[in-house]
Structure formats: C-alpha cells, structure tokens
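The values are calculated or read from the model by the stated rules, or taken from the named source; none is laboratory data. Everything numeric in this text was worked out from a predicted model, so none of it was measured. Cβ: placed from backbone, ideal geometry, glycine included. Neighbour counts: every protein chain shown.
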Amino acid sequence: MKEIALIGPTASGKSDLALRLAKEHNAYILSLDSLSIYKEIDIASAKPSKEELDQIKHFGVNLIYPNEEFSVSIFVQEYLKLKELCEKEGKNLVIVGGSSFYLRTLVQGLSPIPEYTQDCIAEVKELLKDLTSAHKLLLNADPEYMNGIEPTDRYRIEKMLLIYVQTGLSPTEYFEKNPPRPTITDIEIYEIDVERAYLKERIILRTQKMIDMGLVDEVSRLEYKYTRLPNALKAIGIIEVYEYLDGRLSLEEMREEIILHTVQLAKRQQTFNRNQFPSRKLLSIEEIYQEAKRYLS
C-alpha cells in the first residue's frame, strides 16, 4: 500500500486530480474537506457528485449530520479504519482536500486522551452550566493555552475541562507529559501550485455553478431543519446566503461576497501549507500527476 496527499487552495483542481489518480492506480480516496463530512451539505461543500462517488470509493464524506459534533480524533479513526481496509484489499490511498489541518494531525499525531470516570464527567457537566466561569477556571490554570480558545467555544472548553478535572494537570502540562504520536510515517505530500489570477477565475466559475445548482435553496432547507446554530452551517458559502435571505445583500452582492471570502480562504490555506509542510512538493497539476503516477505504480 502506498499513500499520497494532494493539498492546495480551494478550487485548484485537487478533487479531479485525485479521481484521475485513484482510477488509474487502484486507490481509494480519503477526503480532507471539513464540510464534505456532513450529510445534506452537498452544494455548499462542492462535494464530489454522486457519479464521482460511485466511480471510486470515497471516505470521510457524508459521515455525520450538520447538528452532530465532529472532531479531528474522529477523522483519525476514519483514516485508521481505511488504512486497514486498503492493506486488506491491496489498495493505494489518495488523501485529498483543502482542510490541511487534518493532514497535519495525521503527520504530527494526537496526544492520547485519558479515560474519564463518571465522577469526572458529572463534574464537568456541572461546570459547563456556566460556560464563562468554566473558561475562567481554565484560563487561570493555563493562561497561555486558553488564550487561544474563545470563551464561547463550548466544545473545546469541555475537552480541556475533562483533561483538567480527570488528571489535575493544565492542558499545557498534560500535553507536555503526553506528546503526540504520528499516525502516518511514510507519505508523499504534493501541493498544487496555481497562479492567483487563474485560481480566482476558477473560484468565480465554481461560485456561479453552486448558485446555479441551487445553493440558496439548499441553505434554506438546512436552516429550516437545523437552525443557524451548528458550526457546520457557519461556513463560507452558507453565511453569505443568510445575508441574502435576510435582505441585507442582493443576489449579485451575495455572489461577490462568496467569491471574496473564498479567495481570502485560499490565501490562508496556502500560508498554512507553506508553514506546516515545508517538505511538500509544490508543483503544477500535470507535474504532480506525472510524479504521483510513478510513485503509485
């Protein structure tokens, strides 16, 4: 079994390249996309079409509903199950997507999490009744670590509280004593090198395609079913539709906002990849295809 990862800014052509390589080199695909994991978010996530999903087995897609919590540890478990399947069936693996944070976690690893007693869980549940006080408790214990967590981030506060109450250690102390263990040790990482002007053209085309496919209707259905509260429904391509539905943007202004925010996201993704994967190979799509083809053969 051989593994490669295809990363790069949104709309740079990663998914098409992954599909091409998977078809030609007996591979499954694992999605790194943070929205494609959700069922029913199809257009806003630019998820592979049903036909594409039928052509090659995709994993990390349509795992949970928008009102369910997703964590990087769930993604790691998905990867481990898929790796075992690939080894059993003699498949290669193509990991692809714009949410490179997940890939970084696979490469750098996760710290082992302690087993929580029922008393610990009950105590944390009680503390979370006052989220502000819970955040302050952790902030006093570990100001450096907790400054990076918003007082409204219930999910992360709960995770840190569980560690603190169970072990008596601050998050920093716990993670120092329990360093992360890499999950992937041998993988080729390729990043698509794309000119900004060309990338913006692709983003414009994709945004229009999403609107033509029924983006507004999809977001309306999601809002009706799940409200606007789930974190999954606060993504680019969704929040701008809310503005349109509320009458604060015209349809054209909504389109322009999605394009602007997507371009900004693409820049952040490129910066993240440059900082987190210094040994990645930055190449054009065709160069990646040729190199990956040799590696997977």
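Things worth noting here:
- For segment 191-223, a residue qualifies if it is within 19 Å of Pro48 (Cβ to Cβ) and hydroxyl-bearing (Ser, Thr, Tyr), and exactly one does: Thr207.
- Residue match in segment 46-53 (condition: touching a Lys or Arg at 6+ places or on another chain (Cβ under 9 Å), of a type outside the set (S, T, N, Q), assigned to a strand (DSSP E or B) and crowded, with 19+ Cβ neighbours inside 10 Å): no
- Just one residue in the set Glu150, Glu144 is outside the structural domain of Leu82 (by TED's automatic domain parsing) and assigned to a helix (DSSP H, G or I); that residue is Glu144.
- Pro171 falls short on exactly one of the conditions (1) within 20 Å of the chain's Cα centre (by Cα); (2) of a type outside the set (S, T, N, Q); (3) buried (at least 16 other Cβ atoms within 10 Å of the Cβ); (4) outside the structural domain of Leu17 (by TED's automatic domain parsing), and that condition is (1).
- Residue pairs meeting the criteria (Cβ under 7 Å; at least 6 apart or on separate chains; first touching a residue at least 12 places away in the same chain (Cβ under 8 Å), in segment 63-74; second among the hydroxyl-bearing types (Ser, Thr, Tyr)): Ile64/Tyr38; Tyr65/Tyr38; Pro66/Tyr38; Pro66/Tyr226; Asn67/Tyr226; Glu69/Tyr155; Val72/Tyr102; Val72/Thr105
- Selected residue (criterion: nearest to Ile184 (Cα to Cα)) from residues of segment 89-134 that are surrounded by 13 or more Cβ atoms within 10 Å (Cβ to Cβ) and among the small types (Gly, Ala, Ser): Gly109
- Residues that are under 30 Å from Gln208 (Cα atoms) and modelled with pLDDT of 95 or more, drawn from segment 68-95: Val94, Ile95
- Residue identified as over 18 Å from Ala292 (Cβ atoms) and in contact with a helix residue (DSSP H, G or I) (Cβ under 8 Å, 6 or more places away or on another chain) among Asp42, Asp33, Asp54: Asp42
- Here Ile259 clears all of (1) surrounded by 15 or more Cβ atoms within 10 Å (Cβ to Cβ); (2) within 18 Å of Ser220 (Cα to Cα) except the condition numbered (2).
- Qualifying residue in segment 193-204 (condition: surrounded by 12 or more Cβ atoms within 10 Å (Cβ to Cβ), more than 22 Å from Lys39 (Cβ to Cβ), among the aliphatic types (A, V, I, L, M) and out of contact with any helix residue (DSSP H, G or I) (no Cβ under 7 Å at 6 or more places or on another chain)): yes
- Selection count, segment 1-45, where residues are over 19 Å from Leu205 (Cα atoms) and not in a loop (DSSP other than H, G, I, E, B): 18
- Within segment 176-192, the set of residues being of a type in the set (A, V, I, L, M, F, W, C) and either part of a loop (DSSP other than H, G, I, E, B) or surrounded by fewer than 16 Cβ atoms within 10 Å (Cβ to Cβ) (or both) comprises Ile184, Ile187.
- Filter result (more than 22 Å from Asn67 (Cα to Cα) and in a loop (DSSP other than H, G, I, E, B)) within segment 153-175: Gly168, Leu169, Ser170
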